[in-house]
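A short worksheet on the structure shown next.
What follows draws every value from the coordinates through simple rules; no lab data is involved. Computed from a predicted model, the values in this text were never measured in an experiment. FYI the Cβ positions are ideal-geometry reconstructions off the backbone, even for glycines, and counts take in every protein chain you see.
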Amino acid sequence: MAPPTLAAFLALALLAAMVSSSHAYKFYVGGRDGWVQNPSENFNHWAERNRFQVNDTLYFKYKNGTDSVLVVSKEDYFSCNTKNPVITLKDGESIFKFGHSGPFYFISGDADRCQKGQRLIVVVLAVRHKQHLAPSPQAPTPTAQSPENAGSPESGVGFTAPVPAPAKSSAFGGSVSALSLGVVLVSFFVGFV
């Protein structure tokens with residue numbers, strides 16, 4: 001069998017880079033505890049430790065028929081108002097996919113549980129597009145809207161001018177792992193040439 005060609009290697013490396021940089025993740029809210037009234041870690045502390053991207057999903061596990069998850073406005077989150085949910089999740093194993101960046105507010109469908117801390121704020125990072133040209137020095141600086149008129153018209157939740165996401169720096173991040181894979185593959189294929 002003939003050794004692999006440089007063109008085959010480059011095609012494989014490019015494919016690996018595209019696949020690894022487009023992952024969406026499934027986050028288990030509450031970990032092993034699930035969506036419960038007294039989790040071992042506060043839901044918002046858990047959310048602060050994670051970085052959420054557009055197309056990631058949250059998985060809520062709870063007893064069907066005894067609780068639910070409501071996606072609500074910022075005001076309803078802080079007042080534990082269960083009367084005006086944007087979305088209601090109630091099957092005991094609910095999945096919520098982030099369709100845009102910005103803050104998302106989740107509360108228990110039971111106002112008393114919400115008051116006792118069963119609620120969650122998740123901030124989804126903005127999608128970053130790589131720029132090949134330097135921006136114009138006279139480009140206007142984007143400004144955030146005031147909370148009164150911010151948000152998505154179809155959902156009523158979130159801001160329309162989110163903060164850009166920082167580049168991934170972990171060995172598990174898409175671009176870094178693709179680069180690592182490329183270096184390993186180059187070393188492997190150079191041995192055949």
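So which trypsin sites (Lys or Arg not before Pro) in segment 45-84 are both in a DSSP loop and have at most 12 other Cβ atoms within 10 Å of their Cβ?
Arg49, Lys63, Lys83
Using the eigenvalues of the Cα gyration tensor, what equivalent ellipsoid semi-axes result for segment 32-134 when each is taken as the square root of five times the eigenvalue, whole Å, largest first?
Over the Cα atoms of segment 32-134, the ellipsoid semi-axes are 27, 14, 13 Å.
What is the extension gain from Lys116 to Arg128, computed as 0.36 nm multiplied by their sequence separation minus the C-alpha to C-alpha distance, in nm to one decimal?
That pair, Lys116 and Arg128, stretches by 0.7 nm at full extension.
Below 17 Å, Cα to Cα, which aspartates and glutamates can Lys61 reach? Residues fewer than 8 away in the same chain don't count.
Output for Lys61: Asp33, Glu41, Asp91, Glu93, Asp110.
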